[in-house]
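Peer 1: This is the structure, below, for whatever I ask next.
Bear in mind these aren't lab numbers, they're just calculated from the coordinates by the rules spelled out. As the structure is a computational prediction, the values presented were derived from the model and not from experiment. So basically every Cβ, Gly included, is an ideal-geometry build from the backbone, and we count neighbours across all protein chains shown.
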Amino acid sequence: MSAASTMLSFHCSQCNYDLAHRLVGELCPECGTRIDSIGPRWWDSRCLARISRFALLASIPCYALLLVPALFLVEIGYWSPWGWRGMPTLFVFFVLLPMQVCAQAIATWKLGINEVGEARKRLLRVFALIRLSIFVCAVLTIVLYFYFVLSSQTNLMRGGIEAFFLLPYFLLPLGAVICDIVVSRVLVSLRRESMVKMSVWQTVTGRISRVALYGVYPLILIPIYGWFLAPIIWTIAMGGCFGELWVVARAAQRSSSANTA
Ligand SMILES: [Zn+2]
């Protein structure tokens, strides 16, 4: 992530004239409107510090989760220094996943400040809670599934239990992906409003991240390969969405400190 290639551009609210390199209090050279801020309401150092902090808090655990498939590949290979196949992968998974889910929920909630506007604040907070609830439901579902399957007496009972659990199997990931798509839309709306000029690389990776989220759910339904690939794409995409906001907030912090200097 190179934040260095980002530069600020902003436009007149009345006539859209490019106001780059102009200061608050000056007049728009095109229509004479006084420049009252160099961006949206959240464009002050306190909000930007908060946004960059929580965008980073959400982004890093997404990438850290990639350790799970990396370990998995090592373990299914011929080389397994621990002897217990599958255990380190599962252990790291059970530690990192709840950390990532909690970090994302906290960050999404904390990004919902008044300055981003009432509608976005509500979306961020509501979907942070829904996302966390879905994770808790998923954990409970898996525990109940193993409890009932292991205690089932007959094949018929077992089949019935498995059929019953198909519903959460289809619905819970769908809900989680929808939450993340909504959050990614809110995050990109902040980026657009900021009018920070991104590098081509940042623009392309940001767009790929958001588009990839739509592919996660269909992919996750494909056994084995999908189960393996979809979470990787999912976590990289969310890391990219939060990472993009972090780049924007960092660029804005630099440009506002340059403006006040
Ligand atoms: Zn103007």
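Peer 1: Sort 162-174, 230-242 by the packing proxy (mean of other Cβ within 10 Å over each peptide's residues), most packed first.
Peer 2: Going from most to least packed, we get 230-242, 162-174.
Peer 1: What share of all Cα pairs of the chain, in percent, falls into each consecutive 5 Å distance bin?
Peer 2: Taking every Cα pair in the chain, the percentages come to 1, 6, 11, 14, 15, 14, 11, 9, 6, 5, 3, 2, 2, 1, 0, 0, 0.
Peer 1: Here is a further query. For E26 and C102, FRET efficiency with R0 = 41 Å and r from the beta-carbon atoms, rounded to 0.05? Walk me through the intermediate numbers first.
Peer 2: Details: r = 45 Å, r/R0 = 1.09.
Once rounded, the FRET efficiency stands at 0.35.
Peer 1: When the Karplus curve 6.51 cos²θ - 1.76 cosθ + 1.60 is applied with θ = phi - 60°, which whole-Hz ³J(HN,Hα) does each residue of the range 186-195 get, with x for Gly and Pro?
Peer 2: Values, residue by residue: 5, 4, 6, 5, 5, 4, 5, 5, 5, 6 Hz.
Peer 1: Let me check the size of the range 111-261 from its C-alpha atoms; what are the radius of gyration and Dmax in Å?
Peer 2: For the range 111-261, the Cα-based Rg and Dmax read 20.0, 76 Å.
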